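Chemist: Would you mind keeping the following structure in view while I ask a few things?
The values are calculated or read from the model by the stated rules, or taken from the named source; none is laboratory data. This one's a predicted model, so the numbers in the text were calculated from it and none came from an experiment. Positions of Cβ are backbone-derived with ideal geometry, glycine not excepted, and every protein chain shown enters the neighbour counts. Note: accessible area is taken over every heavy atom of the protein model, side chains too, but ligands, DNA and RNA are not part of it. Shrake-Rupley method; radii C 1.70, N 1.55, O 1.52, S 1.80 Å.
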Amino acid sequence: ATACGSPQDTASGGGDAAPVKVGLVYSQSGPLASYGKQYIEGFKAGLDFATKGTGKVGDRKIELTEVDDAGDPAKAVSAAKDLIGKGTKIIGGSTASGVALQVAPIAAQNKVLFISGPAATDAVTGANKYTFRSGRQSYQDVVTAKSFIGDATGKKVVVFAQDGAFGDANEAAVKAVIGGAGANVSSVRAPASATEFTPFASQIKAAKPDLLFVAWAGTTAPAMWQTLDQQGVLASTTVVTGLDIRASWPTFGAAGSKISFLSHYFDGASDTEAAKALKAKVGTVDLFHPDGFAAAQMVVRAVQEGGDDVDKMVKALEGWQFDSVKGQMAIRPEDHALLQPMYQAKLAGSGTEFTATVQKSLTGDESAPPVTQMKG
Amino acid sequence: MTNSVLEAPPARVSGEAVSRWRRVRPYTPLVALVVAAIVPYSTLNLPGIFEGPLNSPGTLQLLAICLVFGGLAAGYDLLFGRTGMLSFGHALYFAAGVYGTDVLITRAGLPLWQAALLTVAGGAILAALLGAVALRTVGIAFAMVTLAFAQVGAILVARDFGGLTGGEEGLPLDVAGLPSALVGVANTVNLYWLALAYLALVVFVVHRVSGSPTGRVLAGLRDDERRIGVLGLDPYRFKLVAFTLAGGLATAGGVVYCLVVSGASPHVTSSELTLSLLVMVVLGGPGTRWGPVLGGILYMYLDHRLTAFGASDAVNSLPAFLSRPLSQPLFVLGTVFILAVYFFPGGLTSLRSRLHPLVVALRRK
Amino acid sequence: MTVEPILSVENLSVRIAGLHILQGVSFEVAPTGVTVLLGRNGVGKTTTLRAIVGLTPRNGEVRGSVRMGSRGLLTRPTHRLVRDGLGYVPEDRCVFAGLTVAENLRLAERRGTAPAYDKVFALFPELDRRGRQRAGSLSGGQQQMLAIGRVLLNDNRLLLVDEPTKGLAPKVVTEVAEVLERVAESVPVLLVEQNLAVVRRLARDAVVLSAGQVAWTGNAQDLLLETALTRSLLGVGSGEVKA
Amino acid sequence: MSTVILLALTGLGLAALYFLVASGLSLVFGLADVLNFAHGLFLGVGAYATWWAADNLPGAGSTGFGFVVAVAFGVLAGALVAVLVELVLIRPLYSRTIEQVLVTVGLSLAGVALLQATWGADPRPFPRPAWSREVTSILGANVPNAGLLLIIAAVLVLGGLLAFLRFTRYGLIIRAGVENREMVTALGIDVRKAFTLVFAIGGAAAALAGALGGVYFGTVSPGQGGSLLIFAFIVVVIGGMGSVVGSAYAAVAVGLLQQFVNYYGTSGLGDLCVVGLLAVVLLLRPQGLAGKVAHA
Amino acid sequence: MLATHGLTWRIGEVAIVDNVHFDLAPGEFLGVIGPNGAGKTSLFNLITGLRRPTEGRVLLDGEDVTALPPHRRARLGLGRTFQASSVFGSLTVRENVRLAVQAHRGGSMKLWRRAAADREVAAAADAALDRVGLAHRGTALAGTLAHGEKRKLEIALLLAGEPRVMLLDEPMAGVSAEDVPELVAVIKSLTGDSGRSVLMVEHHMDVILELADRIAVMHHGALLACDTPDTVMANSTVQEAYLGEAL
Ligand SMILES: Nc1ncnc2c1ncn2[C@@H]1O[C@H](COP(=O)(O)OP(=O)(O)OP(=O)(O)O)[C@@H](O)[C@H]1O
Ligand SMILES: Nc1ncnc2c1ncn2[C@@H]1O[C@H](COP(=O)(O)OP(=O)(O)OP(=O)(O)O)[C@@H](O)[C@H]1O
Ligand SMILES: [Mg+2]
Ligand SMILES: [Mg+2]
């Protein structure tokens, strides 16, 4: 090989029959590894589904490159740059919100398509013209939560959330959605590192809310629920929270049956064609399988309509409606929000055996977040 | 009579070779710098070592990150290896650089050069202020006070006051106001050169300072602080100077890192980062000119590349009891440290002296 | 003399960090009395003693043989040697600064023998009085007393003592010399000492080291009487020996 | 009033947990002079071993005597791992503090990754007796039983450690050994054995903390040890390195401070106060509350 | 030149140094003797500022320096050696002395100069090493020196600082008999006409007798006597408490 070249070379996309390079940057290791695993399983099932088992769009093969970001935005940015340098025009993945937020601008700067994965942060919606999302966002969770209290006017709602951006976003969304509907919203915040929750449980109890919205992620969640239960919070009010992956269900213990869950997805929440196809591939479907599945569908659509032209891909995705695992999905052209069904669920069971059942489902329009201004 | 025995006879290498080497030696860093600077013109493919050819953006990006950490480790060594101060809070000044630049550019809309200048000045002042307090303690207590300060920094970043830092999600850098030469994948090479310049600057400064009269005092402080006092020098002042300088260099590293990864994320505030700095320095060889640099580069390289290693086919084809742990990058990284301690005591740079007898033996042949 | 030596050192070589510090040192320690090891600063006296008790630093390398009776010492760990009756008083005292005097002594008690506290306290009453003081705050001389006292607490088969009178007041030097003299009646002592007055009083045999090698062995009193010999070996005229 | 009692008692429960983690750390740190970053790993080993035993070990279970057996197994496993670590990794490195830090950091990374590789990153429900999930009403406050269990365990461990240090020679040997290992051997003592023992005890204490922490949190996950470790370190330092009693005082101070500030102040202020407490204590008394040497 | 007024240092009830008054004239050589634990080293620590006295004052050139930290006193020309050698173990012997020279000459806070380029410092350092007979060990790491060699280095460090008042704490302890006369000569050359004053603790009586103009005797923290060598040696208390029967 020659050993000389320009420092600003980047490979360019191939011709007609050349494979389409798709880069997936997600967590294979690190704290979100199990989310990442579901995502990639879902993606592969979705690719199979959308290409009817051929793995090809037209006669072009979809060539996947998977890169582990270990949840670290710096690693993800490096990986994205590497992929882009090698001529990749489509990047997906981002299990963590921080990763999604930092990869999105890279996509815009280099004019490649970025389809964010399970990352729930609202800020990905409308981040820029090249950024799409294949999962739900916090706002949709909150809208679903609102559906539990019917008429919100005059009701007292408390948000219990972690310090930091995730908590801020949830608190703001609740204030906008439920507060906007006439409820009186206040919040109790706790440090993400907290291990003892009695002070917060006492504060919540003292507030006597009609609805408690809990936004909590991480390994301390079981201790938190137990404390809320022990201090009688769960018995005294309606408590709503998001239903996490299956592995976490047993950790709710006895508290599980006392909580009203809003759910992005769980096995059996829908019965679509796509859901069947997915189930056939992965066995038990879990929270983030549908995100990967939808991402694959979007990739196939983008390649079909856009070829190697990213702007055409963007055009093809904007406003696109498709049937996915959860049912009817729609990509809102204004800000690329992914409108999708959401669910109310109940958990039953004991020990390690728990089952979730749908109480009610909301359509994509019912759970739609407000339109945001596209930033770039 | 005593000395003839005690001073080991210098290993007799052919005199000519030695003197030629002596003449060339001072220029080796310069040669290394030039080689590093022209790396991006090479399309050399090193399969297994880098994902793409040397001039591909992915490789350059990885190298840029490695170079920044090489510089960071060299700066930390000014404290740890050369002055003997064990600070567990060095990440704070690096993070101040990263977040300072990001916030000033993204939130306040300052142009890059202003943001960078303000940040570095701010970081140095912060180091001077906190150092002035922390240096009233010594030893483990000093380590813990610095750790506590850094922890406050981490909590402040995570709390996301006024939405300034983006909390755990971090803050992507707004590139609209940046010079276009620093934006976009095709310009990764400029970031690489920037990182290289940073590394060269730190190495130069650290080398210069440790060879200066002040550096001599710092080396003395490492051994015996009381004695320095009795010699008529104020230990506190010298330690504060070293602390401030190291803090300023770390902040400058943060500025460059912010540009390289185009954003800030709370990883950089964690106490683990300081610990990794320590690991880098020890891995390379504390108190040596190139040890910390090599340690930093190697550490970051492993940290980034092991994720690829874990996912590689070679690992996946192993039986589960091997492939499962091996696909955990941290497992491999941790194991590498442990092995490094046993097989390279004194750090990578001690390899040369350890291999020296071998080299001599070979030359004799 | 045809008596079996208690300790015989043969061809002992020590290298530390590439420096050849001892180069084939051989000598014997008689089963009674004091054998003194002499030499200028840095010739390797301390290195010899430390090699015998197995305390050569990690980056050092020891060759040759050291035997006590029929047993080789070099392969055995220090604590076993000491438990078997090899007492060592190090050059820089090495008292445990953070422990009290009493704790320092308690630590030195060996299993199996009853510690002779009365003997030690009779010799150094200071140690009794300062039982609760931290050893690190003792004066230099007091630390030296503690270091010697620690070893005398137990019965020993051989004592290695490195410059025991360094830093002691003249009166205490005399006392320590007396103690060693008495001890040496029952236990042989290998002594490193710079104070030639003490040497003159105690030593029976002498070994003179020079540049990592044995320069002279023989009767100590002979050595000190021969002006020419002392001058060439120790750099001092015998007239100056009397301090 | 009942709020104050509730906060005080749960704060003490938290303090007990901190103390359990810190006691082993303090022992190893203060006596053997090893800044053991792998302590979190011992914690994880204890927790996972207990979790594993409850389901798989004959005679062990999640209730009654079976639970005691499971915890005992976890503690044993923690002690064993600690002994192995000491023998294989730490022993060749005594008096090389920085290398020890490096090895224990490496170990904590590798060990936690290994736990994750084996049992996954997600929290697993922890086997525990039903009563541990319930509350006891004390003066109108519903105090979680798991917290009370922690308090009892902490008091027992404190007593046990004090007895060990006071009534055996080991405390002495180890304190001396930290200053000058060579000299201890030159007094005829096998100092290595004593150090191994300290590690075993430290590991056992950590493992107990892991097991009871599992009961308290209701789950076990690979990273659990690491997150407790920071506070444990703070407790050790505030208390004074190596002073077990100091650690106990410091743990109580930290636990109560966190609990009350979190209730009466704004969130996150608790953590800041703890860090502030650390800084203030160190600046006023650099050797920590209870002096710097290991006086039981 | 150097004087103390009622210098006292107590730990709890015990006075380690008890109400010590003395005066050191320019060019004077004052030997300090006393039993082990009499408080000699402690007195040095009080004078150099490593410890704060409970009562009393330290005067240097008539000025009260009791409140100054050690480095300020050193700047005023107060130098000392330590009883337990405290050299910079990881620096070479030569670097050790250069550091001391540089500390004395000023310019230590120069971050951007090349230290090695300062010929004057190097020359002064080599001269100091030469005087104590350590020149041949210049490149050895100070930490690996044999005991006696460290003692010599201690003195070289002191010489390098060219102090006007020197405090020597048992400089001869552990120095081999052969080297004692040489070191004595070095120390002797320090005083005399140069106007420097010396305070020296030493248990080698012959050395003290050879060098000292006056001898101070400490006992239980207090100054028992401070007089000419002959008078002191004739003192029966000194004989009994300190000298004992000579060997
Ligand atoms: N760890 C070490 N590394 C390198 N050299 C060493 C080491 N220990 C001792 N030496 C060297 O070995 C030589 C002999 O040292 P040793 O301490 O045995 O001398 P000594 O005869 O006891 O002298 P002194 O009378 O001063 O105590 C010295 O030159 C010393 O510098
Ligand atoms: N912290 C302390 N607590 C109790 N006693 C102390 C403390 N520090 C020093 N001492 C005592 O003070 C006395 C004076 O010690 P110092 O070191 O000054 O003696 P010295 O005259 O130098 O003796 P030497 O000739 O043996 O070196 C000693 O008896 C010592 O034990
Ligand atoms: Mg010696
Ligand atoms: Mg003294």
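Chemist: Which helices (runs of 4 or more DSSP H) sit wholly inside region B:262-345 and have at least 3 residues that are open to solvent by less than 40 Å² (accessible area, probe 1.4 Å) and within 13 Å of chain D (Cβ to nearest Cβ)?
Modeler: Working: elements: B:271-284, B:291-311, B:313-316, B:320-326, B:329-343.
Those helices (runs of 4 or more DSSP H) span B:271-284, B:291-311, B:329-343.
Chemist: Does region D:36-55 contain at least one residue that is modelled with pLDDT under 90, open to solvent by 10 Å² or more (accessible area, probe 1.4 Å) and outside any helix (DSSP H, G or I)?
Modeler: Yes - at least one qualifying residue is present in region D:36-55.
Chemist: Please determine whether any residue of region C:117-131 is more than 15 Å from ligand 4 (Cβ to nearest atom), farther than 24 Å from residue E:173 by Cβ, open to solvent by less than 10 Å² (accessible area, probe 1.4 Å) and of a type in the set (A, V, I, L, M).
Modeler: The answer is no; no qualifying residue exists.
Chemist: For region E:192-208, does any single residue satisfy the condition of being open to solvent by 60 Å² or more (accessible area, probe 1.4 Å), assigned to a loop (DSSP other than H, G, I, E, B), within 13 Å of chain C (Cβ to nearest Cβ) and modelled with pLDDT under 90?
Modeler: Checked against the condition, which is being open to solvent by 60 Å² or more (accessible area, probe 1.4 Å), assigned to a loop (DSSP other than H, G, I, E, B), within 13 Å of chain C (Cβ to nearest Cβ) and modelled with pLDDT under 90, region E:192-208 yields at least one hit.
Chemist: Right, another one. What's the number of the only condition in (1) aliphatic (A, V, I, L, M); (2) facing another protein chain (nearest Cβ under 10 Å); (3) in a loop (DSSP other than H, G, I, E, B); (4) open to solvent by less than 20 Å² (accessible area, probe 1.4 Å) that residue A:188 fails to meet?
Modeler: Against the list (1) aliphatic (A, V, I, L, M); (2) facing another protein chain (nearest Cβ under 10 Å); (3) in a loop (DSSP other than H, G, I, E, B); (4) open to solvent by less than 20 Å² (accessible area, probe 1.4 Å), residue A:188 comes up short only on (3).
Chemist: Under 7 Å between Cβ atoms, which residue pairs at least 6 apart in sequence (or on different chains) link something in region D:197-217 that is without any contact (Cβ under 8 Å) to a residue 40 or more places away in the chain with a partner that is open to solvent by 10 Å² or more (accessible area, probe 1.4 Å)?
Modeler: D:197/D:170
Chemist: Here are some residues: E:84, E:38. Which one is within 16 Å of ligand 1 (Cβ to nearest atom) and either under 17 Å from the mean Cα position of the chain (by Cα) or within 14 Å of chain C (Cβ to nearest Cβ) (or both)? Reasoning before the result, please.
Modeler: On the way: E:38 fails: within 16 Å of ligand 1 (Cβ to nearest atom).
Of E:84, E:38, the one residue that is within 16 Å of ligand 1 (Cβ to nearest atom) and either under 17 Å from the mean Cα position of the chain (by Cα) or within 14 Å of chain C (Cβ to nearest Cβ) (or both) is E:84.
Chemist: Could I ask something else about it? Based on what the data block shows, is residue C:176 under 23 Å from residue C:118 (Cβ atoms), more than 16 Å from ligand 4 (Cβ to nearest atom) and either touching a strand residue (DSSP E or B) at 6+ places or on another chain (Cβ under 9 Å) or not charged (D, E, K, R) (or both)?
Modeler: Yes.
Chemist: Here is a list: B:195, B:181. Which entry is part of a helix (DSSP H, G or I) and open to solvent by 30 Å² or more (accessible area, probe 1.4 Å)? Step through it out loud before you land on a result.
Modeler: Working: B:195 fails: open to solvent by 30 Å² or more (accessible area, probe 1.4 Å).
The unique qualifying residue is B:181.
Chemist: From the list B:209, B:230, pick out the single residue that is within 10 Å of chain E (Cβ to nearest Cβ), over 26 Å from residue B:40 (Cα atoms), at pLDDT below 95 and touching a Gly at 6+ places or on another chain (Cβ under 7 Å).
Modeler: Details: B:230 fails: touching a Gly at 6+ places or on another chain (Cβ under 7 Å).
Only one candidate passes the filter, namely B:209.
Chemist: Since residue E:180 meets every condition but one in (1) closer than 22 Å to residue E:243 by Cβ; (2) within 16 Å of ligand 4 (Cβ to nearest atom), which condition does it not meet?
Modeler: (2)
Chemist: Where residues in region C:49-75 are surrounded by fewer than 16 Cβ atoms within 10 Å (Cβ to Cβ) and of a type in the set (Lys, Arg), which of them is nearest to ligand 1 (Cβ to nearest atom)?
Modeler: Selected residue: C:58.
Chemist: If I filter region E:108-156 down to residues being farther than 30 Å from residue C:163 by Cα, open to solvent by 30 Å² or more (accessible area, probe 1.4 Å) and not in a helix (DSSP H, G or I), which single residue comes out as farthest from ligand 4 (Cβ to nearest atom)?
Modeler: Of everything passing the filter in region E:108-156, E:112 is farthest from ligand 4 (Cβ to nearest atom).
Chemist: Okay, moving on. Filter region C:2-48 down to the residues that are open to solvent by less than 40 Å² (accessible area, probe 1.4 Å) and polar (S, T, N, Q), then identify the one that is farthest from the other protein chains (Cβ to nearest Cβ). I'd like the intermediate steps shown before the answer.
Modeler: The first filter runs over region C:2-48 and keeps only residues open to solvent by less than 40 Å² (accessible area, probe 1.4 Å), leaving C:5-9, C:12-14, C:16, C:21-22, C:24-25, C:27, C:29-30, C:33-39, C:41-48.
Going one step further and asking which of them are polar (S, T, N, Q), we end up with C:8, C:13, C:35, C:41, C:46-48.
Working: C:8: 21, C:13: 12, C:35: 18, C:41: 3, C:46: 7, C:47: 8, C:48: 12 Å.
Here the answer is C:8.
Chemist: Another question, then. Which residues, counting only those in region B:31-58, are part of a loop (DSSP other than H, G, I, E, B) and facing chain A (nearest Cβ under 7 Å)?
Modeler: The first filter runs over region B:31-58 and keeps only residues part of a loop (DSSP other than H, G, I, E, B), leaving B:42-44, B:46-52, B:54-56.
Scanning region B:31-58 gives B:42, B:43, B:44, B:51, B:52, B:55, B:56.
Chemist: Among the residues of region E:89-99, are any open to solvent by less than 40 Å² (accessible area, probe 1.4 Å), within 14 Å of chain C (Cβ to nearest Cβ), in a helix (DSSP H, G or I) and closer than 24 Å to residue B:222 by Cα?
Modeler: Yes, the conditions are met somewhere in region E:89-99.
Chemist: Sticking with this one: In this structure, is residue E:218 outside any helix (DSSP H, G or I), buried (at least 20 other Cβ atoms within 10 Å of the Cβ) and within 14 Å of chain C (Cβ to nearest Cβ)?
Modeler: Details: outside any helix (DSSP H, G or I): yes; buried (at least 20 other Cβ atoms within 10 Å of the Cβ): yes; within 14 Å of chain C (Cβ to nearest Cβ): yes.
Yes: the conditions hold for residue E:218.
Chemist: What number of residues within region B:86-103 satisfy the criterion of being open to solvent by less than 10 Å² (accessible area, probe 1.4 Å), of a type in the set (A, V, I, L, M) and within 30 Å of residue B:228 (Cβ to Cβ)?
Modeler: Adding up the residues that qualify gives 1.
Each row is one residue, and each column tells you yes or no for (1) within 16 Å of ligand 2 (Cβ to nearest atom); (2) at negative phi; (3) touching a helix residue (DSSP H, G or I) at 6+ places or on another chain (Cβ under 7 Å).
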residue: C:4; (1), (2), (3): no, yes, no
residue: C:10; (1), (2), (3): no, yes, no
residue: C:26; (1), (2), (3): no, yes, no
residue: C:38; (1), (2), (3): no, yes, yes
residue: C:43; (1), (2), (3): no, yes, yes
residue: C:55; (1), (2), (3): no, yes, yes
residue: C:60; (1), (2), (3): no, yes, no
residue: C:64; (1), (2), (3): no, no, no
residue: C:76; (1), (2), (3): no, yes, no
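Chemist: Whether any residue in region B:143-153 is under 23 Å from residue B:79 (Cβ atoms) and either among the basic types (Lys, Arg) or free of Cβ contacts under 8 Å to residues at least 12 places away in the same chain (or both) is what I want to check. I'd like the intermediate steps shown before the answer.
Modeler: First, the residues of region B:143-153 that are under 23 Å from residue B:79 (Cβ atoms): B:143-153.
Of the ones still in play, those that are also either among the basic types (Lys, Arg) or free of Cβ contacts under 8 Å to residues at least 12 places away in the same chain (or both) are B:152.
Yes, that holds for at least one residue.
Chemist: Given B:20, B:82, which one is among the basic types (Lys, Arg) and farther than 22 Å from residue B:276 by Cβ?
Modeler: Values: B:82 fails: farther than 22 Å from residue B:276 by Cβ.
Result of the check over B:20, B:82: B:20.
Chemist: Pick from region E:100-139 the residues that are within 11 Å of chain B (Cβ to nearest Cβ) and among the charged types (D, E, K, R): which of them is farthest from residue B:246 (Cα to Cα)?
Modeler: E:137
Chemist: Another question, if that's okay. Quick one: residue D:254 ticks every box in (1) more than 10 Å from every other protein chain (Cβ to nearest Cβ); (2) open to solvent by 40 Å² or more (accessible area, probe 1.4 Å) bar one, so which box is it?
Modeler: Condition (2) is where residue D:254 drops out.
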